[in-house]
Structures are given as structure tokens and as C-alpha cells.
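Engineer: Right, I'll just put the structure down here and ask away after.
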Protein chains: 2
Amino acid sequence: MSTPGSRRRRPTIYDVARLAGVSTATVSRALNDTGQVAEPKRVAIDAAVEQLGYRPNTIARSLVTRATQTIALLLPDITNPFYAELVAGIQALTLERDYTMLLCTTGFDPELEERYLRLLRAKHVDGALVDGLVLPPERIARFVEDGFPIVCLDRDVSSPAVPLVQVDNRLGAGMATEHLLSLGHRRIAHIAGAPARISEERLLGYQAALESAGVTPDSALVALGAFTETGGHDAMCALLESAPDLTAVFAANDLSAIGAINAIVASGRSVPGDVSIVGFDDLRLSRFTSPPLTTVRQPADEIARHSTELLLGMIAGRKPRKIHHLFVPELILRDSTRTPR
Amino acid sequence: MSTPGSRRRRPTIYDVARLAGVSTATVSRALNDTGQVAEPKRVAIDAAVEQLGYRPNTIARSLVTRATQTIALLLPDITNPFYAELVAGIQALTLERDYTMLLCTTGFDPELEERYLRLLRAKHVDGALVDGLVLPPERIARFVEDGFPIVCLDRDVSSPAVPLVQVDNRLGAGMATEHLLSLGHRRIAHIAGAPARISEERLLGYQAALESAGVTPDSALVALGAFTETGGHDAMCALLESAPDLTAVFAANDLSAIGAINAIVASGRSVPGDVSIVGFDDLRLSRFTSPPLTTVRQPADEIARHSTELLLGMIAGRKPRKIHHLFVPELILRDSTRTPR
DNA sequence: CTGTTAGCGCATTCAG
DNA sequence: CTGAATGCGCTAACAG
């Protein structure tokens, strides 16, 4: 019992060394399993550690090892459940590897993105996972050239030093649109996401699918949705105005699909009776909406695992062999789509 | 242009001092605005910093100042949008104050909670915001006595050194139940949360409201829901089995309410036609569900702001004056409740 | 107002 | 296998 509440200076490695009758070097070796230490000394050290309640000061350690056992995660919006699921996956792995995770939400603001990146480097974070950054590629690449490992998600920096891991957004958008097309829909609207690379990719996939089915894209059928429920709702209202004859919509993500459904229902129409809708992400939530949402699944867990593994590898000095890691999306059929009236 | 890609040692405060023709102490004072520095020297220092691209090493700084400008946030599940909203609020404030935030998800696991707390102290995080911990109060209090500032959310440690900030859970649960009662419902079920203090509080509020309305609680009307969509869904299925005559349900949070609605609809019943339902939290999402959810609002943003402010204050050495900070919940009426058939 | 001098707590040569 | 010595980069007395 080490007198609780005592405002005593926390024990250092010197205290342990003295109590165990060895040098600090030996204590350090014993504690970090680096180099050999005779058994009796090891025992004495363990006892001293125990008795003193000694905990190494990781700050001091970091100063000399130049490693903090901490990674950072930059993402646009933690309030989006897809990102939250990603975080959960990353967290699980960092926990396993005794890493700790700094979370920074950037809200698609390039200034903030760069500010955080600078800050993180100054804090000597070991590396960063950056999702959906809008910052120009050169600026991101510069950090990497500077010796700061980065793995990108949902945004290519096209540098051989910056791996990218993501679902194939264009393909997924194509799958969603083709599904609607195959049901017989022709007036298919799209609720786009916030201005960022994934939004473009999904829009492109949507347009390509339309064109290869012989239907010409109509700008009255596209509205901006910001990847949020509110954004989806408002976009849908606009769409219902600009193209009242639409029979289906592909929303850039599940959240905006949910907002859109609300708007559709509020307008007196039904889903999927009057308008079919497909989302993107396959949130855990989307199985439970009314109606359950047809959507394009991205494997959040695999993406989390793979990107983290990659980053940790880079931190350990391994060069990524593949620079692009593309996961294939999967169309999940539920009850929000059907053939048009 | 500082030769990009150069693997040169990063400049230190010594380099700046030498280039500016002053001592490191002066550089430090100039950079941190501590003590006076003559204008010409200041200019020279700024120029040297600029030319060298110098960035202070925060690790080294932390070693001497014993502060890391980092706080930690422990919470059960980032995948729950309520916590995500909390995180967003906290993040906003930490950004303002130049703090950085470590996120740790604990999944209601006391071992993990303690492991993280130890780790965070070893990392010399300046303080922690801990939400819904199930760890015994003494263990939490011990960290505080040890000089590690902690602010609790949704869980009282009943120590004058550990402030608590939360919504009045019991009151909120009472409001939800009374609302149902006032509509004329008598067979009101409850979907409880995961085993944690808030779940107990909300259950208590529910039972008290029932009793003061003269309806005797029936254990067949209570099921465990885990605070998730799936949990809510499964609990609802069980409830529909054990108490088929129920006409209303109070779910411990919005997520489980959403799962419950799905189960109700799947059973051939309608919401609110056959069964009314009220949630807790008022997620951003809950405005957009079908039907939009009647729920008890907790002010995530205010809770985030207040608790963070409090923690930052404690870190700065201020003693919290009030130890309990209870926010009052608000009943939000939407379309998931109505009078029973 | 400024420079000199000590550490902060630890890992790591380098001898032995 | 072990210890003495050094330094990571910075701030904080303490003199001047």
C-alpha cells in the first residue's frame, strides 16, 4: 500500500535502480527486454518496481526513442456512423498493438487539415491515417517526404510513398445505379456528397452507369447532399421540385438516403412505392430503417484493419508493397427499391 | 525552399539560437511569450525560425513542463451517435484551446477501463473525460488522488474531487413515461440499456412514474437492449412475446428505439398505430426516422462544452465549485406516440 | 532584458 | 552480462 493521496514525486528509474542495487541501464534493459539480464537481478528489479509502484514515463522515453506509440486519425466528421465504425475498427487494432489514437475531425476544411497535420508532426505522433482530406496532394506528400508516415483513405495522393486504401467508390456507385436501371427505372436522381474526392467518384460511377444504359444524364436530377441526414433531406426536396417525375434516387451515402426518405414521405409519396432509393455504406443502422435500406456495402472493418496494419507496418520501417488497396463493394438488397409504377 | 526530401536532422532550439545570435533561453522566451524580449532580437528569432523551418519538439517540452496539452476521452462505444456527437463537441473546444484528444473506447469493460486509465497516466495526458465507466468508484477516485484530473459523465464517483456532469437521467425517463401515461397507455414496456449506471437511472425513472400513476410495474414488460439497434430489436421481439398486450414502450435510447420500431413493424404492427414508442437522446437522426421519433433530448453539445471546460479548468489548477452538474432533459414530441387504440 | 547552468526521465553507446 | 557516461530538446531558475 503506497500511502494513497501522497503528493510524493513519482518514482523514476533511478529509484528502482537504487532499490534493486543495479544501474539504471540494467533496469531499462530488464523492463524493455532488450539485452540480457541475470535472473537474480531481474527478480530484484521486478520487486523494486512493484514496491515503488514505478511506471515508466513515456514522455521521457519518447524523447530518446523518437517514437510515441501513438497514431492519429484525421477524418471529416465523427458524427457520421460510417466513420464511427471505422474508428471502432482502428481502435481495436491499436489497442492490440499497444498504440494509442488521437482523433481529429476536419470537416472538409483544408486549413484545418493542414493545421492538424503540423500539430501532429510537432507532437511526434508516429503516423497518421487520413480519411477524405481535401488538402492538395502535394501538401500531404510533403509530410511524408518529411518522414511522417501517412496512409490515405478515400483520397489518392498519387505518390508512391502514400498508400491508399478504400472501397472502389466508382464501382459501387455503378452497382447501385445499375440495380435501379435493371428494375426498370429511367429517371434516376443522385444526391451527391460534400465536395470531396469520394463524392466525385460516386457521381462519376452513377453517370457512367446511366450512359452505358443509354440514358442521358440530366443535371436536374443531381443535387448536393453533404453526406448528412439534413443534407439528404434538403437535396431531396429540391429534387422533387426540379424533377417531379423521378422514380428512383441513388444517395451518396446512407445518412443522406435516410434524410431523403423522410422528405419523400413528407411529400406524400412512399418508399419504395413511388420512389426507390439506394444508399451507400451499409451502416449497421440501415438494416433497421423503415423501410430497411438497399445499399452498397463498404467493409468498414476490413478497411480499418488493413489501413491500420499498413500504417503500423510503415512505422516499423516496412515499405508498402502495394500502393493501392481497393476493396470491392457489395450491393445489399433490402426493401427500399422496387420496379417503378 | 528547404530542400524537400532531405533527411537532415530537424532543427532544434540551438540552431535557432545560433542563427539568431542569442541564447536558447531567449528563443524559448520569445516563442512562448514568457518574459520580455527586446524587439530586434525577437525579429531575428522569428527570421531564424522561418529560415530553418523550426518547429518546437513538444515531447521535449512536455518532459520539462509536465504537461502534454492532451486530454483523453473514454467512452463505451463511439459507434453510438450520441457519443459521436459528444466527441464532436469536445473536439471543437479542444481545438479552440490548442489541446489534442485521445479517444479510447471501453465497451463497458472495467478491465479495459482501468488499463486505459493507467496507460493514459503513464503517457502523462493532462486529464480525462470518462463517460459511463463501470469501474468501481474507488478505482477511479484513486487516479484523481494521484493527481490525474478526471471529469465523469453519466456516472457518479461520489468524491468531492471528481465532478459529474450529465443530464438528469431519472427525470428524463420519468418524462418519457409520464408522456405515455398521459396519452392513456397503461401497458408500457421498457427496453433497458447495457448494465451501467445510466441504465439503472432510466429504469428507476420509468418505474417511479408508473408507480406514481398507480400502475404496478410488471417484469414481463422490461427487457434488456444494450443501447444498440440490434439490442433494441431483440428486446422488442422478446417483449412482444412476453407481453403481447403492450401498447407503448419507452426505450433507454434512440438507437434501441429504432431497432424496436423495426421489430414492431416486422411483427405486423404499426407505430404509433398499434404501439407508441419514445426514445432517449434525441439524436440528429431521430428527426428523420419513419416515423420521426418522440424522444427525450439530452443537450449533447452543452454537456460536451461544460465537461470539457471543467476539465480544462481543473488542469489549469482551478477547483470545481459545483461538483454535480445536472442538465435538464426535454421531451421532444414527434410522431411515434399517440393515444392507444 | 539576457545568458549560463541545470535538469526533466529515460535509452543507449562504450568499456569492462 | 553490467555500469558509467552521454544526450534526446526544451524550460526554468538564477545571476548578471
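Engineer: Can you give me the number of residues within segment A:158-172 that are outside any loop (DSSP other than H, G, I, E, B) and touching a strand residue (DSSP E or B) at 6+ places or on another chain (Cβ under 6 Å)? Can you show your working first?
Structural biologist: Quick first cut of segment A:158-172, residues outside any loop (DSSP other than H, G, I, E, B) only: A:164-167, A:169-172.
Those left that are additionally touching a strand residue (DSSP E or B) at 6+ places or on another chain (Cβ under 6 Å): A:164-167, A:172.
Selection size over segment A:158-172: 5.
Engineer: Then there's this: Residue check: is A:Ser199 small (Gly, Ala, Ser) and within 14 Å of another protein chain (Cβ to nearest Cβ)? Write out each step before concluding.
Structural biologist: Values: small (Gly, Ala, Ser): yes; within 14 Å of another protein chain (Cβ to nearest Cβ): no.
Here the answer is no, as A:Ser199 does not meet what is asked.
Engineer: If you don't mind, another one. Would you confirm whether or not segment A:62-75 contains a residue that is at pLDDT below 95, more than 13 Å from chain B (Cβ to nearest Cβ) and within 10 Å of DNA strand C (Cβ to nearest atom)?
Structural biologist: no
Yes/no matrix, rows are residues, columns are (1) of a type in the set (A, V, I, L, M); (2) in a loop (DSSP other than H, G, I, E, B):
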{"residue": "A:Gly89", "(1), (2)": "no, no"}
{"residue": "A:Leu95", "(1), (2)": "yes, no"}
{"residue": "A:Cys104", "(1), (2)": "no, no"}
{"residue": "A:His124", "(1), (2)": "no, yes"}
{"residue": "A:Leu135", "(1), (2)": "yes, yes"}
{"residue": "A:Arg139", "(1), (2)": "no, no"}
{"residue": "A:Val151", "(1), (2)": "yes, no"}
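Engineer: Another question, if that's okay. When both residues are 6+ apart or on different chains and their Cβ atoms are under 9 Å apart, which pairs have a first residue that lies in segment A:198-216 and is under 23 Å from A:Leu153 (Cα atoms), and a second that is among the acidic types (Asp, Glu)?
Structural biologist: A:Ile198/A:Asp154; A:Glu201/A:Asp154; A:Glu201/A:Asp168; A:Gly205/A:Asp168
Engineer: For segment B:10-18, does any single residue satisfy the condition of being within 13 Å of DNA strand C (Cβ to nearest atom) and surrounded by fewer than 11 Cβ atoms within 10 Å (Cβ to Cβ)?
Structural biologist: Checked segment B:10-18: no residue is within 13 Å of DNA strand C (Cβ to nearest atom) and surrounded by fewer than 11 Cβ atoms within 10 Å (Cβ to Cβ).
Engineer: Checking B:Ala30 against (1) surrounded by 18 or more Cβ atoms within 10 Å (Cβ to Cβ); (2) near DNA strand D (Cβ under 7 Å from one of its atoms); (3) of a type outside the set (S, T, N, Q): exactly one of these is not met. Which one?
Structural biologist: Going through the list (1) surrounded by 18 or more Cβ atoms within 10 Å (Cβ to Cβ); (2) near DNA strand D (Cβ under 7 Å from one of its atoms); (3) of a type outside the set (S, T, N, Q), B:Ala30 breaks only (2).
Engineer: Shifting gears a bit: With respect to B:Gly127, determine if the residue is touching a Pro at 6+ places or on another chain (Cβ under 7 Å) and modelled with pLDDT under 95.
Structural biologist: Numbers: touching a Pro at 6+ places or on another chain (Cβ under 7 Å): yes; modelled with pLDDT under 95: no.
No.
Engineer: Just checking, does segment B:59-76 include any residue being of a type in the set (S, T, N, Q) and near DNA strand D (Cβ under 8 Å from one of its atoms)?
Structural biologist: Among the residues of segment B:59-76, at least one is of a type in the set (S, T, N, Q) and near DNA strand D (Cβ under 8 Å from one of its atoms), which makes the answer yes.
Engineer: Please go through segment B:1-21 and pick out each residue that is within 11 Å of DNA strand D (Cβ to nearest atom) and modelled with pLDDT of 90 or more.
Structural biologist: B:Pro11, B:Thr12, B:Ile13, B:Tyr14, B:Asp15, B:Val16, B:Ala17
Engineer: Can you name the condition, by its number, that A:Asn169 falls short on among (1) out of contact with any helix residue (DSSP H, G or I) (no Cβ under 9 Å at 6 or more places or on another chain); (2) modelled with pLDDT of 95 or more?
Structural biologist: All conditions pass for A:Asn169, except number (1).
Engineer: Scanning for something closer than 26 Å to B:Gln69 by Cα, more than 19 Å from the chain's Cα centre (by Cα) and among the acidic types (Asp, Glu), does segment B:130-139 turn up at least one residue?
Structural biologist: No, because not a single residue in segment B:130-139 is closer than 26 Å to B:Gln69 by Cα, more than 19 Å from the chain's Cα centre (by Cα) and among the acidic types (Asp, Glu).
Engineer: Would you call A:Ile258 crowded, with 19+ Cβ neighbours inside 10 Å, among the aliphatic types (A, V, I, L, M), touching a residue at least 24 places away in the same chain (Cβ under 8 Å) and more than 14 Å from chain B (Cβ to nearest Cβ)?
Structural biologist: Numbers: crowded, with 19+ Cβ neighbours inside 10 Å: yes; among the aliphatic types (A, V, I, L, M): yes; touching a residue at least 24 places away in the same chain (Cβ under 8 Å): yes; more than 14 Å from chain B (Cβ to nearest Cβ): no.
No; evaluated as a whole, the condition is false for this residue.
Engineer: Which pairs turn up if I take residues in segment B:23-46 that are away from chain A (no Cβ under 14 Å) and modelled with pLDDT under 90 and look for partners that are near DNA strand D (Cβ under 8 Å from one of its atoms) and part of a helix (DSSP H, G or I) with beta carbon separation below 6 Å, at least 6 apart in sequence or on another chain?
Structural biologist: Going by the 6 Å Cβ cut-off, the qualifying pairs are B:Gly35/B:Arg29; B:Val37/B:Arg29.
Engineer: Within segment B:182-195, does at least one residue satisfy the condition of being of a type in the set (A, V, I, L, M, F, W, C), surrounded by fewer than 22 Cβ atoms within 10 Å (Cβ to Cβ), within 21 Å of B:Thr295 (Cβ to Cβ) and touching a Lys or Arg at 6+ places or on another chain (Cβ under 7 Å)?
Structural biologist: Yes - at least one qualifying residue is present in segment B:182-195.
Engineer: B:Glu111: surrounded by fewer than 22 Cβ atoms within 10 Å (Cβ to Cβ), more than 10 Å from chain A (Cβ to nearest Cβ), more than 24 Å from A:Lys123 (Cβ to Cβ) and free of Cβ contacts under 8 Å to residues at least 12 places away in the same chain, yes or no?
Structural biologist: yes
Engineer: Let me ask something else. Mind checking which pairs have a first residue in segment A:139-165 that is more than 14 Å from chain B (Cβ to nearest Cβ) and a second that is in a strand (DSSP E or B) and surrounded by fewer than 16 Cβ atoms within 10 Å (Cβ to Cβ), Cβ under 7 Å, 6 or more apart or different chains?
Structural biologist: From residues that are more than 14 Å from chain B (Cβ to nearest Cβ), the pairs are A:Leu164/A:His324.
Engineer: Condition first: hydroxyl-bearing (Ser, Thr, Tyr) and either closer than 11 Å to B:Thr105 by Cβ or buried (at least 22 other Cβ atoms within 10 Å of the Cβ) (or both). Now tell me which residues in segment A:80-107 satisfy that.
Structural biologist: As a first pass, look at segment A:80-107 and keep what is hydroxyl-bearing (Ser, Thr, Tyr): A:83, A:94, A:99-100, A:105-106.
Of everything in segment A:80-107, those that are hydroxyl-bearing (Ser, Thr, Tyr) and either closer than 11 Å to B:Thr105 by Cβ or buried (at least 22 other Cβ atoms within 10 Å of the Cβ) (or both) turn out to be A:Tyr83, A:Thr94, A:Thr100, A:Thr105, A:Thr106.
Engineer: Can I ask one more? Give segment B:261-285 a look and list any residue that's under 17 Å from B:His233 (Cα atoms), touching a residue at least 40 places away in the same chain (Cβ under 8 Å) and surrounded by fewer than 24 Cβ atoms within 10 Å (Cβ to Cβ), or say none.
Structural biologist: Result: B:Pro272, B:Asp274.
Engineer: Can I ask one more? Among the listed residues A:Thr339, A:Thr308, A:Thr289, which satisfies the condition of being in the same structural domain as A:Ala263 (by TED's automatic domain parsing) and either in contact (Cβ under 8 Å) with a residue 60 or more places away in the chain or among the polar types (S, T, N, Q) (or both)?
Structural biologist: A:Thr289
Engineer: Kindly indicate the residue of segment B:47-58 that is away from DNA strand D (no atom under 11 Å from the Cβ) and either over 28 Å from A:Arg61 (Cβ atoms) or among the hydrophobic types (A, V, I, L, M, F, W, C) (or both) and also farthest from the other protein chains (Cβ to nearest Cβ) among those meeting that condition.
Structural biologist: B:Ala47
Engineer: Looking only at segment B:77-92, filter to residues that are facing chain A (nearest Cβ under 8 Å) and of a type in the set (Gly, Ala, Ser); which one of those is farthest from DNA strand D (Cβ to nearest atom)?
Structural biologist: It comes out as B:Ala84.
The values are calculated or read from the model by the stated rules, or taken from the named source; none is laboratory data. Since the model is a prediction, treat every value here as computed from it, not as a measurement. Because the Cβ atoms are built from the backbone with ideal geometry, glycine has one as well, and the counts that use them run over all protein chains shown.
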